[in-house]
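Read-outs throughout are calculated quantities, based only on the coordinates presented, and are distinct from any laboratory measurement. In this text, all values refer to a predicted model and were calculated from it rather than measured experimentally. All Cβ positions, glycine included, derive from the backbone under ideal geometry; neighbour counts span all protein chains shown.
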Amino acid sequence: MNGLLEAYAGVAGRQVISQLHQLADHLKGMKVVHVNSTRVGGGVAEILEKLVPLSNELGLDTSWEVISGDDDFYQCTKAMHNALQGHSEPIDQRLLDAYEQTNRDNADKMRSQLEEADFVFIHDPQPAPLFSLCPGRRGLWVWRCHIDASRPFRPVWRYLRHYVSDYNASIFSLPDFAQDLPHPQYIIPPSIDPLSDKNIELPQEEIDEVNEKFGIAPHRPFLLQVSRFDRFKDPVGVIKAYRLSRKFNPDLQLVLAGGTATDDPEGEKVLDEVKTAAGDDPDIKILLLPPDSHRTINALQRAAHIIIQKSIKEGFGLTATEGLWKGKPVIGGDTGGIRLQVINYHTGFLVNSPEGAALRVRYLLHRRDRLEEMGAKSRKFVLENFLLTRHLREYLTLMVGLLHKADYRIELG
Ligand code: UDP
């Protein structure tokens, strides 16, 4: 067994790795290409970072391509993202022209690679038109939508649907997100990598150093949200919840840790709103971290008493799983993928308002026994449901299934 997979056997169990090999044996040597729109920042990049080398170790010839565009392109795809998550936001023709042109330019660069691939996974709307721009394609193409598209703004969905309906299949994170599309749709929730810098065990000294660096008092309760500065993540709502919680826990500290993804042009504006809402409260720390701050985020998640992810829309919310894996209950917005991860009174609490979040913070800080107990359950829940190995197994199963059109049965030992 090779190095990376061997290391995963230590966390997920040998049986899980042996199943991956059995599935991969049916796909050996096949060319697989993943395409998304950013190499760093955000959940998709986080997942591909490990999914790609692992599937290479299993004998598939896997690569990861990133499309790039100008400001108009990112403005367009951000508006699309917002519209798919329900904002009634028509998109200017000028921006749509930039979207199409960027895809044509990127197709020119990667056409031969995509056309030769046995499988192409296109992540999210940004590179969706590549399918129609590769007429010589010989493989199977899958559109992987990471967004909560359960109630999209119809005109924008109709526009995008025209690009994705001819794909061979699509993948959504939750059954609720599935759409009216003329091909098989698969439900595969995302995952975290337990061996990455973001999730690996850390020595206590490193956690202490991070606390010290950011002026966090370790003996005082600490609430953490790690997120891009995006309105759907509701950072201002988190500040409101913190202020309400302070009435009962005057010692409470809040850390909002974020950065900007290269494909998110709205980050700066939201950050300004957050700074205004925070005012000059010395117990609110707004941390702007460089994109490679994985160990720092890991340390913050381990140092925090409670993790919050108060999103009002969320495709999945990897940060919730990351928090649960560190044995912390998560207070999460009652939406999208967070509902898969946060089970009331077991792994955390689902909330619908700053008031609701504050109530749960108060409960958990008051009942430290429950906080500990829920934290232990949380870690186990991730071990069983949201590790990378489960995710990879489902991708491999989907590929074998598509290849053999489900007339083929594989018994996993
Ligand atoms: N993240 C990070 N730095 C930041 C903000 C987020 O490394 O400043 C990571 C975070 O730890 C998580 C991912 O980016 O792994 C965000 O994924 P999620 O699904 O929570 O949200 P998305 O950004 O994809 O909407």
- Item | Assigned charges on the beta-carbon of Lys, Arg, Asp, Glu; segment 131-205 dipole about Cα centre (debye) | 640 debye
- So for R0 = 51 Å, FRET eff. of ASP180-GLU212 from the Cβ-Cβ r, to 0.05, ends up at 0.45
- Taking r as the C-beta separation of ASP97 and LEU288 and R0 as 35 Å, the FRET efficiency to the nearest 0.05 is 0.60
- In degrees, nearest ten, helix 43-57 long axis to first principal axis of the chain (Cα): 50 degrees
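Pop out the Kirkwood hydrodynamic radius of segment 82-219 from its pairwise C-alpha distances, inverse of mean 1/r, in Å to one decimal.
When all Cα pairs of segment 82-219 are included, the Kirkwood radius is 17.7 Å.
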- With the convex hull built on the alpha-carbon atoms of the chain, volume per residue in Å³ sits at 135 Å³
- Note on the structure: If one builds a Gaussian network model of the chain from Cα atoms under 10 Å apart, the most fluctuating residue listed among GLY279, GLY69, GLY86 is GLY279
- Task: List the pair-distance distribution P(r) of segment 237-276, using every Cα-Cα distance, as the percent of pairs falling in each 5 Å bin from 0 up to the bin containing the longest distance, rounded to whole percents.
- Result: 6, 20, 24, 19, 14, 10, 6, 3
- Item | the chain - mean residue ellipticity at 222 nm from DSSP helices (-39,500 (n - 2.57) per run, n ≥ 4, rounded to 500) | -14500 deg cm²/dmol
- So for segment 149-248, what are the equivalent ellipsoid semi-axes in whole Å, largest first, each being the square root of 5 times an eigenvalue of the Cα gyration tensor? 40, 21, 11
- Task: Just round it to a whole percent: the fraction of Cα-Cα distances in segment 256-399 exceeding 25 Å.
- Result: 32 percent
- Task: Please list, in chain and number order, the residues 5+ apart from PHE349 or on another chain whose amide H is under 5 Å from its amide H, with Hs placed from the backbone.
- Result: VAL330, ILE331, GLY332
- Using θ = phi - 60° and the Karplus relation 6.51 cos²θ - 1.76 cosθ + 1.60, list the HN-Hα couplings for segment 140-145 in order, rounded to whole Hz, with x at every Gly or Pro. 9, 10, 10, 8, 9, 9
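So what is the relative contact order for the chain, in percent, with contacts set as C-alpha pairs under 8 Å and at least six apart?
Relative contact order for the chain comes out at 17 percent.
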- Item | segment 33-129: Rg to Rh, with Rh as the Kirkwood radius over Cα pairs | 1.01
- Query: Simple spin-label model, 7 Å along Cα-to-Cβ: ARG39 to HIS404 in nm?
  - Reply: 3.7 nm
- For helix 71-84, report the angle its Cα long axis makes with the longest principal axis of the Cα atoms of the chain; keep it between 0 and 90° and round to the nearest 10°. 80 degrees
- Between GLU89 and ARG220, with labels modelled 7 Å along Cα→Cβ, what's the label distance in nm to one decimal, could you check? 3.6 nm
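Tell me whether segment 329-413 comes out rounded, prolate or oblate; compute the Cα gyration tensor, take square roots of the eigenvalues as a ≥ b ≥ c, and use a/c under 1.5 as the rounded threshold.
Judged from the Cα gyration tensor, segment 329-413 comes out prolate (a/c at least 1.5, a/b above b/c).
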- At most 11 other Cβ within 10 Å, DSSP loop - trypsin sites (Lys or Arg not before Pro), segment 325-411: LYS405, ARG409
- Query: If you find the alpha carbon centre of segment 1-78 and of segment 206-262, how far apart are they in angstrom?
  - Reply: 31 Å
- Message: Output wanted: per-residue J couplings in Hz (rounded whole) for segment 338-348, from phi through Karplus 6.51 cos²θ - 1.76 cosθ + 1.60, θ = phi - 60°, x for Gly and Pro.
- Response: 5, 5, 6, 9, 9, 10, 3, 6, 10, 10, x
- Task: Compute the label zone of ASN352 within segment 208-250: residues whose backbone N is under 12 Å from the point 7 Å along Cα-to-Cβ.
- Result: none
- Message: Defining a contact as two alpha carbons under 8 Å apart and six or more residues distant in sequence, what relative contact order in percent does segment 142-182 show?
- Response: 61 percent
- Message: I need the peptides 199-210, 346-357, 118-129, 10-21 ranked by packing, meaning the mean over residues of other C-beta atoms within 10 angstrom, with the highest value on top.
- Response: 118-129, 346-357, 10-21, 199-210
- Query: Going by alpha carbons, how many degrees (0 to 90, nearest 10) lie between the helix axis of 368-385 and the longest principal axis of the chain?
  - Reply: 10 degrees
